[in-house]
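All of the numbers you see were taken from the coordinates with simple rules; none came from a lab. Computed from a prediction, not measured in an experiment: that's the story for all the values here. Because the Cβ atoms are built from the backbone with ideal geometry, glycine has one as well, and the counts that use them run over all protein chains shown.
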Amino acid sequence: MDLAELLKSLSEASGVSGYETMPADLIAERWLPMADEVRKDALGNVIAFKKGKGHGKLLLAAHIDEIGLMVKKIDDNGFIRFATVGGFDFRTLVAQEVTVHGREKLRGVIGAKPPHLQSPSEQKKAYEKDEFYIDVGLKKEKVEELVRVGDIITINREVQKLSGNRYAGKSFDDRACVVMLTACLERLTEVHHNLDVYLVATVQEEVGTRGAAVSAYSVNPDLAIAVDVCHGEFPGVRADRGFGLGKGPVISMGPDTHPKILEKLKEVADEAKIPYQLEASTSARGTDAWSIQIARNGVACALVSLPLRYMHTSVETLDLADIKEGGRLLAEFALKADREFVEGLPCF
Amino acid sequence: MFLKELSEARGVSSREHEVRDLIREYITPHVDEVFNDSLGNLYGVKGKDKPGPKVMLAAHMDEVGLMITTIEKNGLLRFQPVGGIDPRVLVSKPVYIGKDKVVGVIGAKAIHLQRPEERTQVLGFDDLYIDIGAVDDDSAKKLVKPGDVATFATSFGEMGDLVVGKAFDDRAGCTALVELTKLEFNCPVYFVFTVQEEVGLRGAGPAAYRVGPDVCLVLEGTTASDVAGTDEEGYSTTVGAGPAVSVMDRSVIAHPKVVGRLFRLAEEHGVPIQNKRTITGGTDAGAISLSREGVPTAPIAVPCRYIHSPVTVMSKSDLEHMIKLVELFVHDIADKGVDFE
């Protein structure tokens, strides 16, 4: 399976925060032949160990969960009202196809108040949260038999191959970066790398970077790089917030970034002729780096990002070249950062 | 039935050829004559020389869609709607563009980058782009050009007791009409698949002029709003309660005697039927009824939820009942003639 196929299978898997088994099992299976050990912890994080020369322990984290919906109520006509798990722009939910994960998987569509029943002024506004419902095409009794309050709902979207290297789909945030870790692991099987590497597909990032915290505790790394998505350039997105697709991974500069790791990443990228972009980020509370950095007695961290357009929609768009270059960057870092570098991290 | 094939076929108003080619293939074995006119309307004729009134049955082949208007320097495409599309249904959907079926997506600025008040505003046609993955305008121009049209990229499927797909308005009517060509009637029947309904009932008028029918039924997909948050009087039509007859809409007041006959036949044969409860919208019946010296006409339709969106939902039983009722109607015309004056 090449990286594009892996991206497709991970993206199309259902794995809302707290219910990540399907994509987690997929990635565990993919990593197993390449790693020295693959295990799952109590929260569902998948942790692969790739032994290096023992110069230090590097944790690489990318989250496997996705945002989704949850059944809140079945109304008198069998329509399902829902809550959200993670942050949605409700405007992106109109006329989406979904799967309700009840006793059976039910196909459904998200509806809202019909436009011809809205006043002209209502039609000029976005739908409000409480106007949405899910139609599964069944009578109330049947819906109640198959669906319970609390059941998970996922958005249906097959990956769309756009022109060139570009792809669109759901949950590229952050499974595209799990693919990037896989690209890194593939490279590590071909070289004698200095650092021992722990690759972690973390759970529950979208509800507060929770899986990363416990995986950092158990791995107890000397240093860590969180890998997540950043915003792609797009009309209406400020130039300092949007990054070019196909122009390489983005290295973050902010309070979650250890200055020495930042410099090392730039150094190895330049040496290996890996294109990269730099992001000045003042707050990184939205990524796994946020919780890994303060695990146990503190971990020297960095954040590498993948430019992604339309984040948290079902048509998130990326360039596969950025995944490949990002994988190469992470592998180069594990190859070249040595004991001296790791031991020097507290001195800055 | 060819509902899946016809739903997935692409035919934005004035670009109906893919749908037309499919229908021509389906009906050719069952009719005496097949031809199309210069607008693109497709005709199947059966029993031309039989005695009895000339019956016209019509369904439109076109669907609402998007037309590419400009290619921006950054490779993103600007577009405008063809037919009535609420822009609120477009965000976060894939589309297929042009004859080569170039894949594009309609995205939106990430929620993380929005101010809270932005989330209450509609993303309109001026705010949206289609992204085909092109790195700049030069690479985009190799794949698409202004004037190309796009359709929703929806696959047909079962959903509970219902079916989901795009363009049931009016591929439901087209599917019914294709099925009806397989039956034998004792009067001349013209099966007409029209073009450009969604941009103003453009094809149906010339088609009715050419045929010159004594009576016409227009087979449609129509609005159903039997959904959460709607009171019963706002339902318009109800999915699963049988085909719906529009007594009046913005385009036509259906001929009372045609409507009367449909209801009588439905009652006599135990076929479910309902009245459409709203008077919005229009159908080819508007253009056909005013053709030449006037044609007694009525629209009959399969109720469709989320009409003109990427995910229309309808009931196959409504479609089957519509076919049955139209069959009964044509037999009744052949047996008893017309009495519409």
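If you fit an axis through the alpha-carbon atoms of helix A:320-336 and take the longest principal axis of the Cα set of chain A, what angle between them do you get, 0 to 90°, nearest 10?
Around 30 degrees separate the two axes.
If every alpha-carbon in the stretch A:68-155 counts as one equal scatterer, what log10 I(q)/I(0) does Debye give at q = 0.19, 0.25 1/Å?
Once normalised to I(0) and log-transformed, intensities are -0.81, -1.27.
Under the 0.36 nm per residue contour assumption, what length would be gained going from the current alpha-carbon distance of residue B:112 and residue B:100 to full extension?
Computed gain between residue B:112 and residue B:100 is 0.8 nm.
Counting other Cβ atoms within 10 Å, keep those with at most 14, restrict to DSSP loop, and tell me which trypsin sites (Lys or Arg not before Pro) in the stretch A:107-165 are left.
In loop regions of the stretch A:107-165 (DSSP not H, G, I, E or B), the sparsely surrounded trypsin sites (Lys or Arg not before Pro) are A:124, A:139, A:148.
Taking all pairs of distinct Cα atoms, average 1/r, flip it, and tell me the Kirkwood hydrodynamic radius of the stretch A:288-348 in Å to one decimal place.
Every distinct Cα pair counted, the radius reaches 14.3 Å.
When the scattering of the stretch B:65-151 is computed by the Debye formula from its Cα atoms alone, each counted once and equally, what is log10 I(q)/I(0) at q = 0.23, 0.26 Å⁻¹?
Scattering profile of the stretch B:65-151, log10 relative to I(0): -1.12, -1.34.
Can you report the principal axis dimensions of chain B using only the alpha carbons, biggest first, rounded to whole angstrom?
Result, largest extent first: 67, 45, 35 Å.
Any idea how far the Cα center of the stretch B:195-255 sits from the one of the stretch B:316-341, in Å?
Rounded to whole Å, the Cα centres lie 16 Å apart.
Net charge within 10 Å of residue B:58 by Cβ-Cβ distance, Lys/Arg positive one each and Asp/Glu negative one each, not counting residue B:58 itself?
-4
Whole Å is fine, so just give me how far the alpha carbon centre of the stretch A:51-78 lies from that of the stretch B:58-91.
Value for the Cα centre distance between the two parts: 35 Å.
Given the rule -39500 (n - 2.57) for each run of at least 4 DSSP H residues, summed and divided by the residues of the protein assembly as shown, what is its mean residue ellipticity at 222 nm, to the nearest 500 deg cm²/dmol?
Value at 222 nm, helices only, nearest 500: -8000 deg cm²/dmol.
What is the distance in Å between the Cα centres of the stretch A:275-311 and the stretch B:108-155?
Computed from Cα coordinates, the inter-centre distance equals 28 Å.
Would you tally the net charge around residue B:165, using a Cβ to Cβ cut-off of less than 9 Å, leaving residue B:165 out, and scoring K and R as +1, D and E as -1?
Result for the neighbourhood of residue B:165: +2.
Which value, to two decimals, describes the C-alpha radius of gyration of the stretch B:1-150 once divided by 2.2 N^0.38 Å?
In units of the globular-protein estimate, the stretch B:1-150 measures up at 1.36.
Taking the DSSP beta bridges in the protein assembly as shown as the whole, what percent of them are antiparallel, to the nearest 5?
Antiparallel bridges make up about 60 percent of those DSSP assigns within the protein assembly as shown.
Indicate the gyration tensor shape class of the stretch A:168-215 (rounded, prolate or oblate), computed on the Cα atoms with a ≥ b ≥ c the square roots of the eigenvalues: a/c under 1.5 is rounded; otherwise a/b larger than b/c is prolate and the rest oblate.
oblate
Out of the GluC sites (Glu not before Pro) in the stretch B:18-92, which ones are loop residues according to DSSP with at most 14 other C-beta atoms within 10 Å?
Of the GluC sites (Glu not before Pro), the ones in loops of the stretch B:18-92 whose Cβ has at most 14 other Cβ atoms within 10 Å are B:72.
What per residue convex hull volume, in Å³, do the alpha-carbon atoms of the stretch A:147-300 yield?
174
Could you work out how much longer the chain between residue A:267 and residue A:161 gets when fully extended? Use 0.36 nm per residue separation minus the Cα distance between them, nm to one decimal.
34.8 nm
What's the Kirkwood radius of the stretch B:220-335 in Å, using all Cα pairs?
It works out to 14.5 Å.
Just want to confirm a number: the relative contact order over the stretch A:68-155, from Cα pairs under 8 angstrom separated by 6+ residues, in percent.
Across the stretch A:68-155, relative contact order equals 44 percent.
Considering the alpha-carbon set of the stretch A:47-115 alone, what are its Rg and its Dmax in angstrom?
Considering the stretch A:47-115 through its Cα atoms, Rg and Dmax are 19.7, 64 Å.
Would the stretch A:175-246 count as rounded, prolate or oblate if I go by the C-alpha gyration tensor, calling it rounded below 1.5 in a/c and otherwise prolate when a/b exceeds b/c, oblate otherwise?
Oblate shape, in that a/c is at least 1.5 and b/c is the bigger or equal ratio.
For residue A:40, list the aspartates and glutamates whose Cα falls under 13 Å from its own Cα; do not include residues on the same chain fewer than 8 positions away.
A:20, A:25, A:29
Of A:105/B:93; A:113/B:101; A:8/B:109; A:51/A:247; A:105/A:140; A:105/A:139, which sit over 25 Å apart, Cα to Cα?
A:113/B:101; A:51/A:247
So what is the relative contact order for chain B, in percent, with contacts set as C-alpha pairs under 8 Å and at least six apart?
Reported relative contact order: 23 percent.
How are the C-alpha pair distances of chain A spread across 20 Å bins, as whole percents from the shortest bin up?
31, 53, 15, 1
Report relative contact order for the stretch A:112-199 in percent, whole number only (criteria: Cα-Cα under 8 Å, sequence separation at least 6).
The normalised contact order for the stretch A:112-199 reaches 14 percent.
About the Cα centre of the stretch B:65-151, how large is the charge dipole given +1 on each Lys and Arg Cβ and -1 on each Asp and Glu Cβ? Please answer in debye to the nearest 20.
Dipole about the Cα centre, nearest 20: 180 debye.
Which value in Å is the Kirkwood Rh of the stretch B:20-65 over different Cα pairs?
About 12.1 Å, per the Kirkwood formula over Cα pairs.
Step by step: find N for the protein assembly as shown, compute 2.2 N^0.38 Å, then divide the Cα radius of gyration by it. What's the final number?
Its radius of gyration relative to the 2.2 N^0.38 Å reference: 1.10.
Could you give the angle, 0 to 90 degrees to the nearest 10, between helix A:21-31's Cα long axis and the longest principal axis of the Cα atoms of chain A?
Taking the Cα atoms of chain A, the angle to A:21-31 is about 30 degrees.
In a shell of Cβ-Cβ distance under 14 Å around residue A:99, excluding residue A:99 itself, what net charge do Lys and Arg (+1) and Asp and Glu (-1) give?
For residues surrounding residue A:99, the net value is -3.
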